[in-house]
Amino acid sequence: MKEIRSKDNKRLKFAKKVGARREKEFLFVEGARLVVEVLANDLQDSEIFVSDGFISSNPEIVREIRNFVIPVSTVSDGVFGSLAKTKTPQGIVLIARKPAAGKKVIEARIRPNKDKMPVVLLLNQIQNPGNIGAIFRTSEAAGVSGIIVTKDSTDPFSPTAIRGSMGAAVRVPVWNDADYSAALEWGIKNGLTPTGVDIKGETNYLDADWNKPRLLVFGSEPHGLSSEDLSGIRERITIPMKNNVESLNVAASCAIILFEIVRKSTPQ
């Protein structure tokens with residue numbers, strides 16, 4: 001392990017730039033469990049920074065990360081504080097190059113597969129990183145083929161979103177910063193039925209035909225899908241609610257619908 005004792009260290013400065021999101025091609029991952037999760041994905045240009053205190057109190061995790069052939073630097077506790085982004089840092093940070101992304105990555109997952117009906121999510125102007133992270137985690141568990149995130153949405157690779165996804169953001173194929181209309185056209189071209197989730201939808205999600213490839217479209221937290229957004233949608237589904245509740249959290253809505261699809265597609 002290399003030792004870093006100065007805030008002016010070149011590698012430490014680069015890691016800080018990644019944490020400040022000034023190096024757009026890199027991820028900043030903080031926390032022991034999450035670092036180990038992300039390390040397993042064999043990302044390029046990975047590097048770990050650990051505090052002296054972390055090394056002394058987490059020998060098992062230190063041994064585990066040493067199994068990965070990547071640079072590891074020890075940082076004095078005081079200097080590490082200038083790198084961490086969490087209020088109570090655990091003492092370990094990973095930086096790594098982002099995984100391959102874009103529509104081609106998703107296309108490779110939606111090619112005809114007799115054992116799986118492809119589902120791709122289109123997230124339009126979802127701005128809460130916690131919601132984005134939760135959606136990625138749920139999507140991985142439900143086996144979605146990919147996620148499209150439009151412009152004016154939060155970055156699914158932001159530190160907060162990655163924490164919320166428990167690393168799923170680096171495993172689920174993603175097309176980030178997409179144009180909404182272009183994403184709809186792409187979905188249709190690839191045989192996916194654009195399906196909007198809307199409070200005024202005509203079809204109860206329990207009654208929808210999930211035996212067809214879908215592009216599931218979710219709108220922003222405060223406004224949902226606008227009339228303009230819905231103009232390119234072929235089907236609209238809704239989740240019935242009681243007690244005059246008008247809307248659900250977008251991550252909760254996503255989970256409800258995705259696991260209904262899982263239920264319908266699982267042999268009884």
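The values are calculated or read from the model by the stated rules, or taken from the named source; none is laboratory data. Not measured: the values here are computed from a predicted model. Virtual Cβ from ideal backbone geometry, glycine too; neighbours counted across all protein chains shown. Just so you know, the surface numbers come from the protein's heavy atoms only, side chains and all, with ligands and any DNA or RNA stripped out. Shrake-Rupley method; radii C 1.70, N 1.55, O 1.52, S 1.80 Å.
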| task | Filter the stretch 22-45 for residues that are more than 20 Å from THR88 (Cβ to Cβ) and open to solvent by 100 Å² or more (accessible area, probe 1.4 Å) and give the result. | result | ARG22, LYS24, GLU25, ASP42, GLN44
| Out of the residues in the stretch 228-268 that are within 23 Å of the chain's Cα centre (by Cα) and of a type in the set (S, T, N, Q), which is modelled with the lowest pLDDT? | SER247
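For every residue, the table says whether it meets (1) touching a Ser or Thr at 6+ places or on another chain (Cβ under 9 Å); (2) more than 22 Å from ASP198 (Cβ to Cβ); (3) in contact (Cβ under 8 Å) with a residue 40 or more places away in the chain.
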residue	(1), (2), (3)
GLU47	yes, yes, yes
ARG66	no, yes, no
THR88	no, yes, no
LYS98	no, yes, yes
VAL105	no, yes, yes
ASN131	yes, no, yes
GLU140	yes, yes, no
LYS151	no, no, no
| said: Condition check: of a type in the set (D, E, K, R), surrounded by 15 or more Cβ atoms within 10 Å (Cβ to Cβ) and either in contact with an Asp or Glu (Cβ under 9 Å, 6 or more places away or on another chain) or within 15 Å of ILE95 (Cβ to Cβ) (or both). Does LYS16 satisfy that? | reply: yes
| said: Any residue at all in the stretch 84-106 that's open to solvent by less than 30 Å² (accessible area, probe 1.4 Å), at positive phi and either among the basic types (Lys, Arg) or touching a helix residue (DSSP H, G or I) at 6+ places or on another chain (Cβ under 8 Å) (or both)? | reply: yes
| Any residue in the stretch 1-22 that is in a loop (DSSP other than H, G, I, E, B), within 23 Å of the chain's Cα centre (by Cα), on the phi < 0 side of the Ramachandran plot and free of Cβ contacts under 8 Å to residues at least 60 places away in the same chain? | yes
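Please determine whether any residue of the stretch 65-75 is open to solvent by 80 Å² or more (accessible area, probe 1.4 Å) and of a type in the set (S, T, N, Q). Give the steps one after another, and end with the answer.
Going residue by residue through the stretch 65-75, those that are open to solvent by 80 Å² or more (accessible area, probe 1.4 Å) are 66-67, 69.
Narrowing the set further to residues that are of a type in the set (S, T, N, Q) leaves 67.
Taking every residue of the stretch 65-75 in turn, at least one turns out to be open to solvent by 80 Å² or more (accessible area, probe 1.4 Å) and of a type in the set (S, T, N, Q).
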| said: Taking the condition of being open to solvent by less than 10 Å² (accessible area, probe 1.4 Å) and within 16 Å of GLY130 (Cα to Cα), how many residues in the stretch 156-178 meet it? | reply: 8
| field | Members of the stretch 182-198 that are open to solvent by 20 Å² or more (accessible area, probe 1.4 Å) and in a helix (DSSP H, G or I) | value | ALA182, GLU185, ILE188, LYS189
| Looking at (1) open to solvent by less than 40 Å² (accessible area, probe 1.4 Å); (2) closer than 14 Å to VAL119 by Cα, which is the one condition that is false for GLY232? | (2)
| query | If the Cβ limit is 6 Å and pairs must be 6+ apart or interchain, which residue in the stretch 171-189 that is within 17 Å of PHE136 (Cβ to Cβ) and touching a residue at least 40 places away in the same chain (Cβ under 8 Å) pairs with which residue that is buried (at least 21 other Cβ atoms within 10 Å of the Cβ) and of a type in the set (S, T, N, Q)? | reply | ALA178/THR150
| said: Can you tell me how many residues within the stretch 164-180 are farther than 16 Å from LEU43 by Cβ and in contact with a Gly (Cβ under 7 Å, 6 or more places away or on another chain)? | reply: 2
